[in-house]
Amino acid sequence: MHKQYGMSLFGFLIIAAVVGFFALLGVRAIPAYSEYFSVKKIVKALIQENAGSTPQEIRANFEKRATIDYISSVKGDDLDIEQIGGTTTIGLEYSKEVPVVANVSLKFAFKVSETNGSKTPDAAQ
């Protein structure tokens, strides 16, 4: 007599539910990270092209680029712009909450910082 190996229907459904839940989390997280990388790209471009501009001009340029890239979580007023001597630093910290199911949501905290075209540490948590 041969012993049967394999998974029962109940075991398969449990594993499918767990895999499906993590796939849902991944699908829900993609737009938040996509927006983060767009914000990071815009801040890097601003620091390279507008380092000598006034903070108001930098914020206005950010607003224009953010509109083009469909960024809704961050506005020009959220930028921390420091101009000391010939050095311009643009920093930004923001969080985004993404609903998953019912009252369950994911919260992402992002930080971007650029100084006169040289990269400074930034992190996504």
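Just add up the charged neighbours of LYS41: K/R +1, D/E -1, any other residue whose Cβ is under 11 Å from the Cβ of LYS41.
Numbers: positive: LYS40, LYS44, ARG65; negative: GLU35, ASP69, GLU114.
With Lys, Arg at +1 and Asp, Glu at -1, the neighbours total 0.
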Degrees between helix 9-49 axis and first principal axis of the chain (Cα, 0 to 90, nearest 10)
10
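With every protein chain present, what is the per residue accessible area of the chain (1.4 Å probe, Å²)?
Details: 8410 Å² over 125 residues.
Heavy-atom SASA per residue in the chain reads 67 Å².
Could you compute the FRET efficiency for ALA16 and ASP78, with r as their C-beta to C-beta distance and R0 at 41 Å, rounded to 0.05? Display every interim value, and only then the final one.
Details: r = 41 Å, r/R0 = 1.00.
Here the calculated transfer efficiency is 0.50.
Calculated from DSSP H runs of 4 or more alone, at -39500 (n - 2.57) each and per residue, what is the 222 nm mean residue ellipticity of the chain, nearest 500? If you can, show how the numbers build up before the last one.
Numbers: 2 runs with 55 residues, N = 125.
Computed mean residue ellipticity for the chain: -16000 deg cm²/dmol.
When the dipole is taken about the Cα centre of the chain, and only Lys, Arg (+1) and Asp, Glu (-1) are charged at their Cβ, what size is it in debye, to the nearest 20?
Here the size comes out at about 600 debye.
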Excluding same-chain residues fewer than 8 positions from LYS44, which lysines have a Cα within less than 20 Å of its Cα?
LYS64, LYS75, LYS111, LYS119
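Sort 77-90, 19-32, 57-70 for me by packing, meaning the mean count of neighbouring Cβ atoms within 10 Å per residue, highest on top.
Numbers: 77-90: 13.6, 19-32: 12.0, 57-70: 15.8.
For the peptides 77-90, 19-32, 57-70, the packing ranking is 57-70, 77-90, 19-32.
What is the percent carbon and sulfur in the accessible area of segment 1-124, measuring with a 1.4 Å probe over the protein chains and ignoring ligands? Show your work: numbers first, answer last.
Details: 4920 of 8270 Å².
Solvent-exposed carbon and sulfur of segment 1-124 make up 60 percent of the total.
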Dividing the Cα radius of gyration by the Kirkwood radius, what Rg/Rh value follows for the chain?
1.26
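What is the packing order of peptides 91-97, 33-39, taking the mean over residues of other C-beta atoms within 10 Å and listing the highest first?
Working: 91-97: 15.1, 33-39: 17.3.
Top of the packing list down: 33-39, 91-97.
The values are calculated or read from the model by the stated rules, or taken from the named source; none is laboratory data. What you see is a predicted model, and the numbers here were worked out from it, not measured in a lab. Positions of Cβ are backbone-derived with ideal geometry, glycine not excepted, and every protein chain shown enters the neighbour counts. When the accessible area is computed, the model is the full protein with side chains, heavy atoms only, and any ligands, DNA or RNA have been set aside. Shrake-Rupley method; radii C 1.70, N 1.55, O 1.52, S 1.80 Å.
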